[in-house]
Structures are given as structure tokens and as C-alpha cells.
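Novice: One structure is given below, represented as C-alpha cells, and several questions about it will come after.
The values are calculated or read from the model by the stated rules, or taken from the named source; none is laboratory data. For clarity, every value in this text was computed on a predicted model and none was experimentally measured. We place every Cβ from the backbone using ideal geometry, glycine too, and count neighbours over all the protein chains shown.
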Amino acid sequence: MANASGFFSPPVPRMRRNIQPSIGIFRSGFCFSEGNFRRVVCSSGIEGAEKHVSPSESRLPKLVSKGCKLVGCGSAVPALSVSNDDLAKIVDTSDQWISVRTGIRNRRVISGKESLKNLAVQAARKALEMADFDPNDLDLILMCTSTPEDLFGAAPQVQRELGCRKTPLAYDITAACSGFVLGLVSAACHIRGGGFHNVLVIGADGISRLVDWTDRGTCILFGDAAGAVLVQACDAEEDGLLSFDLHSDGEGGRHLGVPINDNKTSDLLGSNGSVLDFPPKRSSYSCIQMNGQEVFRFAVRCVPQSIESALGKAGLVAASIDWLLLHQANQRIIDAVATRLEFPQEKVISNLANYGNTSAASIPLALDEAVRSGKVKPGHTIATAGFGAGLTWGSAIIRWG
Ligand code: UT7
């Protein structure tokens, strides 16, 4: 059972899966056929001629197809828990309104000396520990976040904190609540097409820092958290990303965003006396701006379509999937999508009541709870989907373990 802090009783199986990264540059592509990716390596070299090429080229990968699998997960949440009743003391709302309209009862908020980076590092360490994996063997860290503590990127700092001596490539993916699904698919693409072997995908957000705490329409929804998954290269038969389906629509972006404030420039006079719009003043971002009803309509329309499309690409139907795990935004959205896809309630993973909408962290946080509580077992299939600002949305059919 999950407890309020998000960590659990049954011991977690430890799986030692440590694949050494290969070095070498190769040209490759991959194609999708009958639900499986087949990687095609194109090399100008002649088979068996390795002894005539340079040491790095001699280590060209031999695989012609490759899969990737999810082998470890972890999560971390801030200590401060804020209930609906707490919020009712600062805005005109009630526990009843929030729980009926959203399903949310509590959320965690970063406070004091806590940082998003530290939550991400904690989640990452737990994922690596579950897989019994040495951080020095990571060759890529993808930090999916829209709220980094340094706008130029958080991933390299996470790499440093994890103490990865081989300094693997580390960069951020900014796609709000779709971030984790995009990170997962990006990890697979790096593995299948780019020669990477051990990829840490972190979803972490501190949306509480962008919320207007006087706006009852948004402040009740969000919480802070981090979740992480270790994705590893494997043989095609063991592939754990069965299919995916991704979309963006900039037209709908106006319904949800954190735009930069319109800053006035200093009115500097040019040499001919004309006014120059220069230099720009230091800019800042606004708080979250959201048309909740539009986002709600978008989610219940587009998410089922996307999952159906991903299921079709994998050659599967909803009835054959073990779990539905959606971005945790609103229980009414989760219920509507489950009904549309005919997923029974007992196959739907939800921890929204405890944490609210934690943006890019919501899927790995819920996955981690479900794995550690023994709900999701190795071999189980999961239909997962993220959706949110951009607008972006997408789904993936994955197999755990
Ligand atoms: O990751 C994606 C992020 N965003 C989302 O997923 C948001 C999706 N949208 C939603 O979850 C819902 O639209 C909300 C929960 C944001 C709002 O629920 P709703 O059922 O769409 O409510 P509403 O905006 O239509 O507002 C209904 C009434 C309004 O009052 P009147 O005009 O009917 O008198 C609001 O002013 O509820 C009022 N209201 C509240 N009342 C008490 C809005 N927020 C609150 C509140 N407490 N916190």
C-alpha cells in the first residue's frame, strides 16, 4: 500500500542489468513493422573488415534490431503537504468543490531548503537502486521539466549530483505535462538510432512556483514532485516500448501557458534623436494562465484518440492491456478517458488525490507507486498518455520490466 509520503512496504526486486555502452559512430535508421521496431544499421564498411578500420570504428554495433526496456523507477515528493482545507483558508474554495470537480485532496509543495534538482536526484537514485545500476554506466540523462531552477537546463546539474564520473550527455526536455512521455520516446529513439544504452528519464516539476496562489481556478490543481525511470537497450524480442503516438497543436496553446511578461524597453535616444527600443529590461514570466474548460475538452477528445492510435500501431486492443496510466490532471478526465476506451476502474492507476497535478512528474510518480506496491508486475502492459501545455499530447504502450 502507498502511504502519504509515497513510499511503500513490500521489498523491491533488484535486477542487475548493466549493459556497457559501446563507443563508435554509425549511421542507422529504424522502421516500424508489425508492431516492432527494426533497427537497420547502414555502414560503408565491409563485413569482416574490422581489422582494417580505426579502433573506434571496430566497435560498430553488430545489432540490426534493438529494443529498449524499463528496468527501474523511483520518485520523490516534497515534505510539505497542503490539503484542500488549507487552500480554503487562502482562496474562496472548499474541500467539497475541489474533490468533486477534480478528485484532488492533497498536494506536496516545495518549501524551505528543498529544491526540484534534489527531488530529481532522489528519484533518479531510487530508480538506479531498483535496477542495481551504477550511475557511472549511464550514457544519457533526459530531464523532462518546464520548471528548472536554471532556465538554461537542469539535467547537467542532476548529472553532477549523481556523481556520474563519465559525464554522460544530459539535457532538458520542455513539454509540460507531456514531458515524460516525450522523454520516454526520446530515450527509445536515442537507444534504437543513436547507440545509447542506458538512459535515465526524469520527469520533475515544481509548478507551485508558477501558480498564482490568489487564483482559485488554478492554484487548487497543482503540486510538486519528481519521478524517474531507467531505460536500457535490449534485444528486439524484449522490447518494452511497443508503440507511441505524439502530437502538438500550437493553435490551442493559448488555453494553457506561462507567457513572458510584456516588458517595456528603456527609451534610449539614438544618435539622430530617434527613440530606440533598446536595451531590453530584464524579463519575467507570468503565472500559469489556463482556460480550464478548454483544456478539459481537449484532453477528453484527444487522449482517447491518441491511445487508440498507439494501440493500433502495436496491434493491440484496450482489453489486452493490464493498466491505464494517464497524466494525473483531473479524476474526471481520467474517468472519461477510461470509459471511452472501456477500461474498467480496477485497471486504472490514479494517485491524483494525494499529489494533484505534478506535470511531467505525474506519470513516473504514479508508475513508481504502482510498481513498489506490487500492482504493476514485470511483464505487465501499460497504456500511458500525457497531455497539456503547448498544446502537446501523446501516448505510449509500454511493458514494465
Ligand atoms: O495538465 C493539464 C492541466 N490542466 C488541466 O487538466 C485542467 C483541465 N480542467 C479542469 O480540470 C477543470 O476545468 C477545472 C477543475 C479547472 C475547473 O472545473 P470546471 O468544472 O470546469 O469548473 P468551471 O471553470 O466551469 O467553474 C464552475 C464554477 C464557476 O463559478 P460560476 O461562474 O458557475 O459561478 C467558477 O468560478 O466554479 C467556480 N470555481 C470554483 N469554485 C470553488 C472555479 N474554481 C473554483 C474553486 N472553488 N477552486
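Novice: State the number of residues belonging to segment 308-332 that are away from the ligand (no atom under 16 Å from the Cβ), assigned to a helix (DSSP H, G or I) and not acidic (Asp, Glu).
Specialist: Residues flagged as away from the ligand (no atom under 16 Å from the Cβ), assigned to a helix (DSSP H, G or I) and not acidic (Asp, Glu) within segment 308-332 amount to 9.
Novice: Follow-up question, since we're still on this one. So which residues in segment 103-113 are within 10 Å of the ligand (Cβ to nearest atom) and in contact with a strand residue (DSSP E or B) (Cβ under 9 Å, 6 or more places away or on another chain), if there are any at all?
Specialist: Within segment 103-113, just Ile104 meets the criteria.
Novice: Out of the residues in segment 172-210 meeting the condition of being in contact with a Pro (Cβ under 8 Å, 6 or more places away or on another chain), assigned to a strand (DSSP E or B) and not hydrophobic (A, V, I, L, M, F, W, C), tell me which one is nearest to Ala131 (Cα to Cα).
Specialist: Asn198
Novice: Quick check: is even one residue across segment 357-379 away from the ligand (no atom under 16 Å from the Cβ), part of a helix (DSSP H, G or I), of a type in the set (S, T, N, Q) and farther than 22 Å from Thr145 by Cα?
Specialist: Looking through segment 357-379, none of the residues is away from the ligand (no atom under 16 Å from the Cβ), part of a helix (DSSP H, G or I), of a type in the set (S, T, N, Q) and farther than 22 Å from Thr145 by Cα.
Novice: Determine if segment 210-225 includes at least one residue that is of a type in the set (D, E, K, R), touching a strand residue (DSSP E or B) at 6+ places or on another chain (Cβ under 6 Å), at pLDDT 95 or above and within 16 Å of the ligand (Cβ to nearest atom).
Specialist: Yes - at least one qualifying residue is present in segment 210-225.
Novice: Under the condition of being within 14 Å of the ligand (Cβ to nearest atom) and within 19 Å of the chain's Cα centre (by Cα), which residue from segment 333-349 is surrounded by the fewest Cβ atoms within 10 Å (Cβ to Cβ)?
Specialist: The qualifying residue surrounded by the fewest Cβ atoms within 10 Å (Cβ to Cβ) is Ile333.
Novice: Here is a further query. Quick one: which of Asp137, Asp95, Asp85 is among the acidic types (Asp, Glu) and in contact (Cβ under 8 Å) with a residue 24 or more places away in the chain?
Specialist: Asp137
Novice: A follow-up question, please. Quick one: would you say Val295 is among the β-branched types (Val, Ile, Thr), at pLDDT 95 or above, more than 16 Å from the ligand (Cβ to nearest atom) and out of contact with any Ser or Thr (no Cβ under 9 Å at 6 or more places or on another chain)?
Specialist: no
Novice: Output the number of the condition that Ala383 fails; it satisfies all remaining conditions of (1) within 14 Å of the ligand (Cβ to nearest atom); (2) part of a strand (DSSP E or B); (3) of a type in the set (A, V, I, L, M).
Specialist: Only one criterion is unmet by Ala383, namely (1).
Novice: Mind checking which residues of segment 386-399 are surrounded by 22 or more Cβ atoms within 10 Å (Cβ to Cβ) and either more than 16 Å from the ligand (Cβ to nearest atom) or of a type in the set (Phe, Trp, Tyr) (or both)?
Specialist: Across segment 386-399, the qualifying residues are Phe387, Trp393, Ala396, Ile397, Ile398.
Novice: Can you name the residue in segment 74-102 that is assigned to a helix (DSSP H, G or I) and surrounded by fewer than 14 Cβ atoms within 10 Å (Cβ to Cβ) and is also farthest from the ligand (Cβ to nearest atom) among such residues?
Specialist: Filtering first and then ranking leaves Asp85.
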